[in-house]
Every structure is written in structure tokens, then in C-alpha cells.
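The values are calculated or read from the model by the stated rules, or taken from the named source; none is laboratory data. On a predicted model such as this, the values are computed, not experimentally measured, just so you know. Here the Cβ positions follow ideal geometry from the backbone for every residue, glycine too, while neighbour counts run over all protein chains shown.
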Amino acid sequence: MIRVESYVRHSAKEAKLYFPISKPPTPMKKDVIRMHANENPLGPSPKVVQAIIDATTMVNRYPDPSYVELRQRIAKYVSLKPENVIVGSGSDEAIDLLIKTFVNPGDEAIISVPTFEVYEKVLKLAEGKPIFIPMRKKFYWDIEGIKQAISQRTKLIFICSPNNPTGSAILENDAEELALTGKLLVIDEAYAEFSAKTLIPLVQKYENVIILRTFSKFLGLAGLRVGYVLASPEIINYLDRVRLPFNVSLLAERAAITALDDIQHAIRARGLIRKWKRYLYSELAKIRKIRAFPSEANFILIDVTESRHSSTEIVNALSNLGILVKDCTGAKGLDGEYIRVSIGLKEENERFIKALKTILKA
């Protein structure tokens, strides 16, 4: 009998499984409230759903390998040119593409923490070295700390803005200061469309600025996996060489195009999500010994350290009631007990608040 382990790369042996929640309800119920994954609770428009149905008659065919129409639609949406755009299977694949393209074993990438775990995961699989820079108080980036951490081996600087899980957004002048270092500055704007801030104009101003975007959040297509990279034509060309063919399915491609054509649906949904977020903040402010941090995204980070309950206890208790939230305790850069809750539908938010108040009184 062979020992499979002896064939496995060292970086794969050390890789950890990714779990979006710590304890799913058993068994998973149909009426479970998903407030753990930062999804758009309203989903795509009826036009998008119909486009998916219509495209099922063509699933025996491959999609356009260059995704010309989708790239044109994205370029128009972000006020850039199609040669500034490449598409992928969610922004996760975009991160993977960037690291495969630019990082050699031993190269470094600077990651401010706490943040999205996938940067570290993919970097380590490529045998790159993450350099972690803790965020300052109020979860803002340590710009000087990032600059001081730059070395000859630094290839990438990752900035998630609005940041997951903190919800904070970087100021444009600070992003420009990092761009001026000459390193590849990767700004992950997965949640930017919930905010009033975007740094897309920096792509035309700096050749080393790379923006990541996704259709999973604002546009409600998380289950279809569509993302994109915005960068200089030279960077896009190199990414295209590394990209696997037909990496976005035909159904996902048609849905993404239609979602951009019917953008007013997402804009209306954003208005409701902002309204429901204000409700959550007002109710969370009434609960003693917890702290909800300001957020420019569709989620809220909550410090429960002083509540006499651990984050894991709270998350598990909510899970037993059919409400899923994210346990953030133990994440790099977070000291204390934290949970992250996504903005849900009106009745879901009300149910979450009622359950949280009951748990914290126990």
C-alpha cells in the first residue's frame, strides 16, 4: 500500500481547511438564517434568474474563452477599458491567479490583520511568506508599519477595503502612499459597492495598482462564482497567460452580464440593506457590554469580550436556534472575543436581535 502523504507537497500538508462557520446546525434546517457569509439576502433579480434558465439550453457548449461581452460590460460598469479586465471564478480565483503569476517560493506579501484569510492560505500554498502587520486602534491600517515591512522580497501588499471582518475602508491618500512604494498594491473591493468609496480610478493613475471585485456580494451571485481583476493591460496580459481556460461557466457568465444590465435591482437592494443595518446598530446599542464597530460593508463586527460569554458560546447558541453568524475569535489581529453578523432580511435581523438578547441575559 502506498503512503499518499509521501507524495503531497509540504505546503499542502500544512494547509488548513476553511470553515465559514464553527458549528452548523444539525441537521441543517430549511429555515436556517444565514448571517455568517456576507451574502446579499435579497439575491439576484428576476431577469437574472430568467437568464440562467434560458442559458440552460446551451450548457452543452463552452462559453466564450475570452469572455469578451462580459469584460465589455464590466469595463463600462467601472469606467475602464476591456483590456483592464480579466474574469475569474469568484475573487478567490483572482487572488490565486495573482499569487501564481507574481510570487516565487520565498517571496513576501504584506497582509494587514485581521482580514480575509484566503490571502494567507493561497500565499502559503505557493510557498510565499506572509508578513502580518496588525491594524491600529479602531481597525485602521498602519501605513507606516506596512512601508517599514517592505523588503527586497516583497511582491504584493494586500488591502481589503472595506475590510473583512472589520468593515473599515482605507482613505485614498493612504492607498496612494502605498502605491508609491512601487510594490504591487492589491485592493480587494469585494464589499466596496455597499460603500460610497472605491479606488478604481487609481488603476489608471498607477501601473502597480490592482483591484479585485466580485459578483458574490452586492450583485447577489455568490453561488455562481464570478469575480474580476482590474489592472493595467500588462498585468492583465500576464494573468491571462496563467488563467485556466473556461474558468467561468456559461451560466455564470450570462447571469453576470444580466446582473449588470439590471443594476437597478442591486441598487434598490443596497438601499434596503443599509436601512436594515441602521436597525441592527440601533438595537445592538441597547445591549450592554457589547460593542458594534462602524462598517462600510454589509456586515457588522461585534466585540462580546465583556459579555461574560465567549464568542464560541454565543455562536453555538445562535446556531442551535437556527441562526448562523461568524465566530471571529482567534483570527490574526483580533485580541478578545468577536462575532461578525451579516445584514439579513428584516425578519431575520429581528430574530437575530431577539435571540442575542436572550443569550446574553442567560
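Between residues in region 41-68 that are more than 19 Å from residue 228 (Cβ to Cβ) and residues that are of a type in the set (Ser, Thr, Tyr) and surrounded by 13 or more Cβ atoms within 10 Å (Cβ to Cβ), which pairs lie under 7 Å by C-beta distance while being six or more apart or on different chains?
47/258
Quick one: which of 360, 318 is touching a residue at least 24 places away in the same chain (Cβ under 8 Å), among the aliphatic types (A, V, I, L, M), assigned to a helix (DSSP H, G or I) and touching a His at 6+ places or on another chain (Cβ under 7 Å)?
Values: 318 fails: touching a His at 6+ places or on another chain (Cβ under 7 Å).
Result: 360 is the single residue among 360, 318 that is touching a residue at least 24 places away in the same chain (Cβ under 8 Å), among the aliphatic types (A, V, I, L, M), assigned to a helix (DSSP H, G or I) and touching a His at 6+ places or on another chain (Cβ under 7 Å).
Any residue at all in region 83-95 that's of a type outside the set (Phe, Trp, Tyr), surrounded by 19 or more Cβ atoms within 10 Å (Cβ to Cβ), over 18 Å from residue 256 (Cα atoms) and in the same structural domain as residue 149 (by TED's automatic domain parsing)?
Within region 83-95 (the criterion being of a type outside the set (Phe, Trp, Tyr), surrounded by 19 or more Cβ atoms within 10 Å (Cβ to Cβ), over 18 Å from residue 256 (Cα atoms) and in the same structural domain as residue 149 (by TED's automatic domain parsing)), the answer is yes, since at least one residue qualifies.
Test of understanding: among 246, 293, which residue is at positive phi and of a type in the set (A, V, I, L, M, F, W, C)?
Numbers: 293 fails: at positive phi.
When all the criteria are applied, what remains is 246.
Say whether the condition of being of a type in the set (Val, Ile, Thr) and part of a strand (DSSP E or B) is met by at least one residue in region 218-230.
First pass over region 218-230, keeping only residues of a type in the set (Val, Ile, Thr): 226, 229.
Cutting the leftovers down to part of a strand (DSSP E or B) gives us 229.
Scanning region 218-230 turns up at least one residue that is of a type in the set (Val, Ile, Thr) and part of a strand (DSSP E or B).
Residue by residue through region 89-105, note down the ones that are modelled with pLDDT of 95 or more and touching an Asp or Glu at 6+ places or on another chain (Cβ under 7 Å).
Selection gives 105 alone.
Out of 259, 222, which single residue is among the small types (Gly, Ala, Ser) and buried (at least 22 other Cβ atoms within 10 Å of the Cβ)? Before the answer, list the steps.
On the way: 222 fails: buried (at least 22 other Cβ atoms within 10 Å of the Cβ).
Testing whether each residue is among the small types (Gly, Ala, Ser) and buried (at least 22 other Cβ atoms within 10 Å of the Cβ) leaves just 259.
If I filter region 190-199 for residues that are hydrophobic (A, V, I, L, M, F, W, C), out of contact with any Phe, Trp or Tyr (no Cβ under 7 Å at 6 or more places or on another chain) and under 23 Å from residue 234 (Cβ atoms), do I get at least one hit?
yes
Restricting to region 246-299, what's the tally of residues that are in a loop (DSSP other than H, G, I, E, B), over 24 Å from residue 78 (Cβ atoms) and not β-branched (Val, Ile, Thr)?
Step one: filter region 246-299 for residues in a loop (DSSP other than H, G, I, E, B), giving 246-249, 262, 285-290, 293-298.
Subset that is over 24 Å from residue 78 (Cβ atoms): 285-290, 293-294.
Pick out the ones that are also not β-branched (Val, Ile, Thr) and you get 285-286, 288-289, 293-294.
So the answer is 6.
Over 24 Å from residue 71 (Cβ atoms), assigned to a strand (DSSP E or B) and touching a residue at least 24 places away in the same chain (Cβ under 8 Å): which single residue out of 187, 111, 146 fits that description?
None of the other options fit; the residue is 111.
Which one of 122, 118 is of a type in the set (Val, Ile, Thr) and either surrounded by 21 or more Cβ atoms within 10 Å (Cβ to Cβ) or on the phi > 0 side of the Ramachandran plot (or both)?
122
If I filter region 68-78 for residues that are modelled with pLDDT of 95 or more, among the acidic types (Asp, Glu) and either at positive phi or in a loop (DSSP other than H, G, I, E, B) (or both), do I get at least one hit? Outline the logic, then answer.
Going residue by residue through region 68-78, those that are modelled with pLDDT of 95 or more are 68-78.
Keeping just the survivors that are among the acidic types (Asp, Glu) gives 69.
Within this subset, residues satisfying the condition of being either at positive phi or in a loop (DSSP other than H, G, I, E, B) (or both) are none.
The answer is no; no qualifying residue exists.
Let's see how each residue does on (1) touching a residue at least 40 places away in the same chain (Cβ under 8 Å); (2) closer than 19 Å to residue 38 by Cβ:
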| position | (1), (2) |
| --- | --- |
| 292 | no, yes |
| 300 | yes, yes |
| 307 | yes, no |
| 331 | yes, yes |
| 334 | yes, yes |
| 338 | yes, yes |
| 348 | yes, yes |
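Hey, does region 314-334 have a residue that's surrounded by 22 or more Cβ atoms within 10 Å (Cβ to Cβ) and over 24 Å from residue 191 (Cα atoms)?
Yes; the residues of region 314-334 include at least one that is surrounded by 22 or more Cβ atoms within 10 Å (Cβ to Cβ) and over 24 Å from residue 191 (Cα atoms).
Residue by residue through region 295-313, note down the ones that are surrounded by 23 or more Cβ atoms within 10 Å (Cβ to Cβ) and hydroxyl-bearing (Ser, Thr, Tyr).
Residues satisfying the conditions are 295, 311.
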